[in-house]
Amino acid sequence: MTTVRMFASAAVLMSVGYLLGQMDFGPQLVSAQEPQAGVQEDTANKIREANRRLIEAMDALKSDGRYEAVTEGPNAFLILSGGGNAREDLESGRGVDPETFSALYAGRAIPEIKDLLGKDDQGRMTYNSEVIRLYSKSRLQRIFANRVKLTEVTF
């Protein structure tokens, strides 16, 4: 009799498992293309389009001799501000724009710059043994004012 109960219990468990499996309690199917970094696909498409436009603007500024970066990828701060020369800024020691500053700290320098980067005894990043600083407050204010003029949207 115990053999019959054992088979009956197994049949009941299998039936319950089958029914629960059919009720969508388990893991959900994943679509072929998940949104990037928690961003909806429509938003991700807009970001990609903005990046393409940013690269076009960067190329135009380069053609005009108004853009030079020292980090990988387009520098949105310089581009949206009407251009800039991050190499000249870095070599002058008077400060760099915020995006260049953060990209250098993140290890995104182009190879010929990377070789000249270091750290001082306080852990600050240096270029040719000189501490890398941000633009002065007044320079940032001037650049942001210019950026507002250039990016102003009228409806």
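The figures follow:
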read-out	value
Set Gly38, Gly65: member being under 23 Å from Glu99 (Cβ atoms), at pLDDT below 95 and exposed (fewer than 10 other Cβ atoms within 10 Å of the Cβ)	Gly38
Looking only at segment 103-118, and only at residues there that are in a loop (DSSP other than H, G, I, E, B) and charged (D, E, K, R), the one that is surrounded by the most Cβ atoms within 10 Å (Cβ to Cβ)	Arg108
Failed condition for Gly83, given (1) over 17 Å from Gln141 (Cα atoms); (2) more than 17 Å from the chain's Cα centre (by Cα)	(1)
Residue selected from segment 87-102 under the condition of a type in the set (Gly, Ala, Ser) and not in a helix (DSSP H, G or I), by the criterion modelled with the lowest pLDDT	Gly93
Selection count, segment 119-145, where residues are loosely packed, with under 14 Cβ neighbours inside 10 Å and either part of a helix (DSSP H, G or I) or of a type in the set (Gly, Ala, Ser) (or both)	9
Restricting segment 98-120 to residues that are at negative phi and small (Gly, Ala, Ser), the residue that is farthest from the chain's Cα centre (by Cα)	Gly118
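The values are calculated or read from the model by the stated rules, or taken from the named source; none is laboratory data. Here the structure is a predicted model, which means the values were calculated and not measured. Backbone-built Cβ (ideal geometry, glycine too); neighbour counts: all protein chains shown.
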